[in-house]
């Protein structure tokens, strides 16, 4: 059940979560990883409005459990369409805390972001429970729409990856991971360093050149490890959030580190209305603080190797149940995929 070659994707019946399932399955197939799908609910706080499925019995655990199984069967069908066989889990209780514990056991956790409500808001909505800030493994947040409500198209093949790079250990780890990720897809990597506006300081040529020199130093070991990787670099004035949000419009993935609070790599991850996660129009790959700190304990010579995080068996994590659900009919998956991405290939 627990292994270091698995991706976990969270679903709640929303189209946003099914889109996240599609992305996770597509990536799992490409990378040769296994996929596990989890549906989370709690009672009574997750009443009928928590799921986008038709479940009406408020406080009825049997009805909620049944709806969770139906949601999982649909998500499993989407994974099956991608040629990936997925295991399924049900989580009861507070999803934020359970997902943090589950993050010990996976390479990656993927969730969809629909802006308001559902699983995404419960995992991203507050600083105290923000999954990207406190997880033990990287998190990918897949947007469903842009700020104007337009559906976002996801490509089957990743060709361009952007990463926010600074000199912090979080930024350096994000750069390592972004390079390995882009290299794995044979994609181009755009490395973006932002020069923050400081009162009384003009970001003139000398300042920009200094930032570029620092960026060149950080990129030197990257180019040595990935000699065939095509890298573009840029130093831009102003907000890192704005620069990376802009990059999301013409890149397939944006990678950023998180130190678990504000600042360049914090990016206001706990906010429901601000920051990169709320405005990006492409999946955001977040490298969390705990993951970086765990990686520091390794004496490994490969900086992009997995962090050494003690895993927990499912028996040790309260509220997690592995369930076997039937795969929904192929036409059900096709109908969902047509709705979430009319331009899918």
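Every number in this text was worked out from the coordinates using simple rules, so none of it is lab data. Nothing here was measured: the structure is a model prediction, and the numbers come from that model. All Cβ positions, even for glycine, are placed from backbone atoms using ideal geometry, and neighbour counts span all protein chains on display.
A straight chain from residue 321 to residue 97 at 0.36 nm per residue would run longer than the Cα-Cα distance by 79.1 nm. What the Cβ-Cβ distance of residue 313 and residue 169 gives, at R0 = 41 Å and to the nearest 0.05, is a FRET efficiency of 0.85.
If r is the Cβ-Cβ distance from residue 332 to residue 148 and R0 is 41 Å, what FRET efficiency results, to the nearest 0.05?
On the way: r = 29 Å, r/R0 = 0.71.
So, using R0 = 41 Å, E works out to roughly 0.90.
Ranked from highest to lowest mean number of other Cβ atoms within 10 Å per residue, what is the order of the peptides 206-213, 244-251, 131-138, 278-285?
Ranking the peptides 206-213, 244-251, 131-138, 278-285 by packing returns 131-138, 278-285, 244-251, 206-213.
How would you classify the range 202-256 from its alpha-carbon gyration tensor, with a ≥ b ≥ c the square roots of the eigenvalues: rounded for a/c under 1.5, else prolate if a/b is greater than b/c, otherwise oblate? It comes out oblate by the Cα gyration axes. Neighbour counting of Cβ atoms within 10 Å sorts the residues 88, 327, fewest neighbours leading, into 327, 88.
Extending 7 Å from Cα along the Cβ direction at residue 186 and again at residue 224 yields two label points whose distance is 2.7 nm. Gain on full extension, evaluated as 0.36 nm per residue between residue 66 and residue 232 minus their Cα-Cα distance, stands at 54.8 nm.
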